[in-house]
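Novice: Before anything else, here's the structure in question.
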Amino acid sequence: MSTAMNFSNKSFTPRPPDKGAFPLDHFGECSAFKERFMECLRRSGYESAACRQSAMAYLECRMDRQLMANEPLEKLGFKDLMNEKPEEKPEKS
């Protein structure tokens, strides 16, 4: 009796990542932001929540230089860090 399995009739269809592929930063345009983020991680004992401002700045740099697709930062998990403009209220005279 043969217990060998035959996988030849199964096919694998690759699919792209959910957010798509993005180019590497070959020219180091955002390396200063990356280094600040990595330094923050080292200082915080690799607690990423403490470095969210640095992460947001790095992603903004990548989006500004078309190294990744533009996404609203709220959609990337930074809604609570966004500087929301306070609604202007008319002053009472």
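Novice: How large a share of the accessible area of the stretch 30-83, in percent, is made up of carbon and sulfur atoms when the probe is 1.4 Å and the other protein chains stay in place?
Specialist: Details: 1780 of 3520 Å².
Answer for the stretch 30-83 is 51 percent, counting heavy atoms of protein chains only.
Novice: Let me ask you something else. Just to make sure I understand: if all protein chains stay in place, what is the order of Ser48, Ser11 by accessible area at 1.4 Å, largest first?
Specialist: Ser11, Ser48
Novice: Tell me, what ³J(HN,Hα) does each residue in the stretch 54-60 have, in order and in whole Hz, if you take phi through Karplus 6.51 cos²θ - 1.76 cosθ + 1.60 with θ = phi - 60° and put x for Gly and Pro?
Specialist: 5, 5, 5, 5, 5, 5, 4
Novice: Using θ = phi - 60° and the Karplus form 6.51 cos²θ - 1.76 cosθ + 1.60, what ³J(HN,Hα) does each residue of the stretch 38-50 get, whole Hz, x for Gly and Pro?
Specialist: Running phi through 6.51 cos²θ - 1.76 cosθ + 1.60 with θ = phi - 60° gives 5, 5, 4, 4, 4, 5, 8, x, 6, 8, 5, 4, 6 Hz.
Novice: Report, please, the projected area of the stretch 30-83 averaged over directions, based on the convex hull of its C-alpha atoms, in nm². Walk me through the intermediate numbers first.
Specialist: Details: hull surface 14.7 nm².
Computing the convex hull of the Cα atoms and averaging its projections yields 3.7 nm².
The values are calculated or read from the model by the stated rules, or taken from the named source; none is laboratory data. What you see is a predicted model; the values in this text were computed from it and never measured. Accessible surface is based on the protein model in full, side chains and every heavy atom, while ligands, DNA and RNA are left aside. Shrake-Rupley method; radii C 1.70, N 1.55, O 1.52, S 1.80 Å.
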